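The values are calculated or read from the model by the stated rules, or taken from the named source; none is laboratory data. All figures in this text were calculated on a predicted structure; none of them were measured in a lab. Neighbour counts are summed over all protein chains in view; Cβ atoms, including those assigned to glycine, are modelled from backbone coordinates with ideal geometry. Please note that ligands, DNA and RNA were not included when accessible areas were found on the heavy atoms of the full protein model with its side chains. Shrake-Rupley method; radii C 1.70, N 1.55, O 1.52, S 1.80 Å.
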Amino acid sequence: MTLTDTVKAAFEAAFPGENFAALRVVPATDPKFGDYQCNDALKIAKKVGLNPREAAAKVVDALDKSCFEKVEVAGPGFLNLTVSGEWLAKRLAELAAADRTGIPQSGAGKKIVIDYSSPNAAKQMHIGHIRSTVIGNAIDRIFRALGYDVIADNHLGDWGTQFGILIKGYRECLTQEERDNLTVANLEKCYVLSAAKAKEEDGVWKDACRAELVKLQQGDAENLELWKKFIEISIGEFERMYSKLGVKFDTYRGESFYNPMMPGVVDRLLNMKLAEESEGALIVNLEAEKLGVAIVRKSDGGYNYTTSDLACVGSRVADYDPERIIYVTDDRQQLHFRQFFSISAKMGYTVKLVHVPFGLMSFQGKAISTREGNLIRLEELLAEAKRRAFDIVKERGGDEALAEAIGYGAVKYADLSHDPGTAIDFNWDKALALEGNSGPYLQYAYARVCSLMDKAGETDLDSGEFNISTPSEKRLALQLLEFPGAVVRAAEAYKPSVLADYLFQTSQLYSSFYQNSPILKSDDSVKCARLKLCDLFGKVLSTGLDLLGIATPRRI
Ligand code: ARG
């Protein structure tokens, strides 16, 4: 029985017939209020005609006190609960023995799609792609850990006018050798050259690009072949970055996949009288919801982003029937998502659509922009992270693999430790700091606990028992019990930062326990009990870091 269930039973016994489904027992905000608190007596008091303190006292009378060392009614009617050492030891043993470090399988049997990273084809990934990739992947991992059947879908920008410019550029701005050894860097180069020429006054180049695009759209075999080649090369290049970052997608259904479905979407919007003609274009008027108007077909007959995303919802529902689709993009796309979520609901789709918007990232205090020329390529950034991490680990004999684990982990954690909704600044010193809220700090904490366990060697942990005796042990123990809840909260809020905060706090509590409590030098029973706590901390920390996509080397 969980603590919440125990307290709920007391409320139910004290006030029969009342509903306590939403009752909450939460960790106390300060150890001086005990270990846990429940404020539900304040909520029920009026209804049952008592003052809140009387209501709380009635609950205390009905409470099974075997779990508690102390139960107090405090302030206006709070219940302050101090758990018994026995209860704590039992719960710790349960957590240590639980599968998946106690993470509940609340997603079993539920399917969700997560749409993230989604770069545009034929361009190299840059620093601006970090957030969607890293936040999306952590959400992906967290939902999988909760038992959800997750489809990670990379919604590539692989269709649109840029392909006319690219095909023309490929034919005329690259050498034969470059064409034979085509790379994304060369595609990017020919795009820039071709796009510049398309701006020339006479318009000849621009018309030629347009003609290539039309041919592609009409299914011309040669252009289609080229387009396919561009996409294949782009995906190959993206996958190189993803493998460094430990990111894997189940599908790469880009915008092109939905292109043939667009006329059908527009027909449906017309049939349902959701779309109307306006100045030659077709729009959905969302003024009533203060969302402006969304264009679903331009006056030149072309479709756009909204139409494509509506087609995409229809296709995902038909193919996967997910209960939820989560989109991770920057917050400048908020209006787009609100608009198409609203239209999708009007079209009758009941799938839950969630947009996880993230704030802008600046780099070392400067805005990132193409014009400033500081649009650092992701590959360069990762190489630099590895180089800097290598400088740190080489003195201790660390190798390249370790430098990657630390360097890439630092880049990821620098992002994930912030609420996705806020703007962030990436700073090398902060990301790689060994002290403070950083990836390397947490990785070191893990390596330290591993080395302690190695030193403890022959101690038989399985036959020993948890035994919490000091305040710093107790604070760590109570915090460890919160791990499954932290994973659930991170998922509910779509914020990996909730888990990152939890792991950082846990590591700080571990460190103060470690400083205050001799371990290897203690008597056997104390030593074993403390080692069990260290072991559980290591398990929680490595499971948690893995959910953030951060590697946990055992030795640093
Ligand atoms: N390719 C888009 C971009 O670079 C992101 C796509 C997000 N997903 C979606 N279904 N709209 O901004």
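Based on what the data block shows, is Leu50 in contact with an Asp or Glu (Cβ under 6 Å, 6 or more places away or on another chain) and without any contact (Cβ under 8 Å) to a residue 24 or more places away in the chain? When the stated conditions are applied, Leu50 does not pass them.
If only residues of the range 358-369 that are outside any loop (DSSP other than H, G, I, E, B) and within 16 Å of the ligand (Cβ to nearest atom) are counted, the one that is surrounded by the fewest Cβ atoms within 10 Å (Cβ to Cβ) is Met361. Looking only at residues of the range 526-556 that are assigned to a helix (DSSP H, G or I) and in contact with an Asp or Glu (Cβ under 8 Å, 6 or more places away or on another chain), we find that the one that is nearest to Gly136 (Cα to Cα) is Leu533.
Taking helices (runs of 4 or more DSSP H) that do not extend beyond the range 116-235, which have at least 3 residues that are touching a Gly at 6+ places or on another chain (Cβ under 9 Å) and among the charged types (D, E, K, R)? In the range 116-235, the matching helices (runs of 4 or more DSSP H) lie at 130-145, 204-217. The set of residues in the range 289-322 that are touching a residue at least 24 places away in the same chain (Cβ under 8 Å), out of contact with any strand residue (DSSP E or B) (no Cβ under 6 Å at 6 or more places or on another chain) and away from the ligand (no atom under 15 Å from the Cβ) comprises Glu289, Leu291, Gly292, Asp321.
Do we have any residue at all in the range 370-388 that's assigned to a helix (DSSP H, G or I), within 13 Å of the ligand (Cβ to nearest atom), open to solvent by 10 Å² or more (accessible area, probe 1.4 Å) and modelled with pLDDT of 95 or more?
No, the range 370-388 has no match at all.
The single residue among His418, His355 that is in a loop (DSSP other than H, G, I, E, B) and under 22 Å from the mean Cα position of the chain (by Cα) turns out to be His418. Pairing residues of the range 108-127 that are of a type in the set (Phe, Trp, Tyr) and at pLDDT 95 or above with residues that are within 12 Å of the ligand (Cβ to nearest atom) and not in a loop (DSSP other than H, G, I, E, B), at Cβ distances under 7 Å and at least 6 apart in sequence or on separate chains, gives Tyr116/Ser132; Tyr116/Thr133; Tyr116/Gly136; Tyr116/Val328.
Among residues that are part of a loop (DSSP other than H, G, I, E, B), crowded, with 16+ Cβ neighbours inside 10 Å and within 36 Å of the chain's Cα centre (by Cα), Leu310 is not included. With respect to Cys190, determine if the residue is open to solvent by less than 20 Å² (accessible area, probe 1.4 Å), in contact with a Lys or Arg (Cβ under 6 Å, 6 or more places away or on another chain) and not small (Gly, Ala, Ser). When the stated conditions are applied, Cys190 does not pass them. For the range 109-134, filtering for residues that are within 12 Å of the ligand (Cβ to nearest atom) and closer than 17 Å to Lys495 by Cα leaves 8.
The conditions of being at pLDDT 95 or above and either closer than 19 Å to Leu3 by Cβ or touching a Leu at 6+ places or on another chain (Cβ under 8 Å) (or both) are not met by Cys67. Screening Gly302, Gly264, Gly292 for residues that are modelled with pLDDT under 95 and surrounded by fewer than 16 Cβ atoms within 10 Å (Cβ to Cβ) leaves exactly one candidate, Gly302.
Answer with yes or no whether Val113 is farther than 24 Å from Tyr408 by Cβ, surrounded by fewer than 23 Cβ atoms within 10 Å (Cβ to Cβ) and touching a strand residue (DSSP E or B) at 6+ places or on another chain (Cβ under 7 Å). Taking the combined requirement at face value, the residue does not satisfy it.
Just one residue in the set Asp250, Asp220 is surrounded by fewer than 19 Cβ atoms within 10 Å (Cβ to Cβ), over 30 Å from Ile112 (Cβ atoms) and modelled with pLDDT of 95 or more; that residue is Asp220.
Looking across the range 323-348 at every residue that is among the charged types (D, E, K, R) and within 12 Å of the ligand (Cβ to nearest atom), the one that is most open to solvent (accessible area, probe 1.4 Å) is identified as Arg332. Tell me, please, whether a residue that is over 30 Å from Lys43 (Cα atoms) and open to solvent by less than 10 Å² (accessible area, probe 1.4 Å) can be found in the range 75-88. Within the range 75-88, none of the residues are over 30 Å from Lys43 (Cα atoms) and open to solvent by less than 10 Å² (accessible area, probe 1.4 Å).
Test Ala410 against the criterion of being buried (at least 17 other Cβ atoms within 10 Å of the Cβ), of a type in the set (Gly, Ala, Ser) and part of a helix (DSSP H, G or I), and give yes or no. Answer is yes for this residue. Inspection of the range 328-350 identifies at least one residue that is free of Cβ contacts under 8 Å to residues at least 12 places away in the same chain, outside any strand (DSSP E or B) and within 21 Å of the chain's Cα centre (by Cα).
Total residues in the range 267-282 satisfying the condition of being farther than 19 Å from Gly314 by Cβ and crowded, with 16+ Cβ neighbours inside 10 Å: the figure is 1.
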